[in-house]
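Quick notes on the structure that follows.
The values are calculated or read from the model by the stated rules, or taken from the named source; none is laboratory data. Note that the structure is predicted; figures quoted are calculated from it, not measured. A quick note on method: Cβ atoms are made from the backbone with ideal geometry, for glycine too, and the neighbour counts reach across all protein chains shown. The accessibility values were calculated without ligands, DNA or RNA, using every heavy atom of the protein model including side chains. Shrake-Rupley method; radii C 1.70, N 1.55, O 1.52, S 1.80 Å.
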Amino acid sequence: MAVTRTFSIIKPDATRRNLTGAVTKMLEDGGLRVVASKRIHMTKDQAEGFYAVHRERPFFNDLVSFMISGPVVVQVLEGENAMQRNRDIMGATNPDNAEPGTIRKELAESIEANSVHGSDSDDNAKIEIDYFFKPEEIVG
Ligand code: CMP
């Protein structure tokens, strides 16, 4: 299976509870390698642009407010079939539906404060990585 890259965000509910390390350990234990990482406080414009695909959804404004409510950690993850592997480690969007042992089941607070974001396709992974990282910031 091919080694690929995906994009991850450790969300404000997780940074607020000092869970950056706990989340990263679950990603690493699941076979992913952090090849880029930075802690940022997103601007409203950045968050709206990042989630533009959800602009028409009823939860869009709340989602943007939440994502700028505190620092996040944006990461590039590398591993075999990284996008799907990361989604398996994260679990379902709604922690109530997530499998035991997944990040969202073990750590998330709600469907909004769900601790992590992960790309949902290889094409979106590339778009999302390029949104936050310059090529020279990624060191495999
Ligand atoms: P994420 O993977 O970051 O992509 C969009 C986010 O919207 C999602 O995770 C959820 O945290 C958030 N969200 C809030 N409410 C909903 C909802 N009703 N359905 C889906 N996603 C939601």
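Observations, loosely collected:
- Only one of the listed residues (Phe66, Phe7) is under 25 Å from Val139 (Cα atoms) and in contact with a helix residue (DSSP H, G or I) (Cβ under 8 Å, 6 or more places away or on another chain). That residue is Phe7.
The rows are residues; the columns are (1) more than 12 Å from Ile9 (Cβ to Cβ); (2) within 13 Å of the ligand (Cβ to nearest atom); (3) part of a helix (DSSP H, G or I); (4) open to solvent by less than 30 Å² (accessible area, probe 1.4 Å).
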| site | (1), (2), (3), (4) |
| --- | --- |
| Val74 | no, yes, no, yes |
| Ile111 | yes, yes, no, no |
| Asn114 | no, yes, no, yes |
| Lys126 | yes, no, yes, no |
| Asp130 | yes, no, yes, no |
| Glu136 | yes, no, yes, no |
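- Taking the criterion of being open to solvent by less than 50 Å² (accessible area, probe 1.4 Å), within 15 Å of Met90 (Cα to Cα) and in contact with a strand residue (DSSP E or B) (Cβ under 8 Å, 6 or more places away or on another chain), the residues of region 2-29 that qualify are Thr6, Phe7, Ser8, Ile9, Ile10, Lys11, Ala14, Leu19, Thr20, Val23, Thr24, Leu27.
- For first residues located in region 46-71 and aliphatic (A, V, I, L, M) and in a loop (DSSP other than H, G, I, E, B), partners that are open to solvent by less than 50 Å² (accessible area, probe 1.4 Å) and within 13 Å of the ligand (Cβ to nearest atom) and lie 6+ apart or on another chain with Cβ distances below 6 Å form the pairs Ile68/Met42; Ile68/Ala47.
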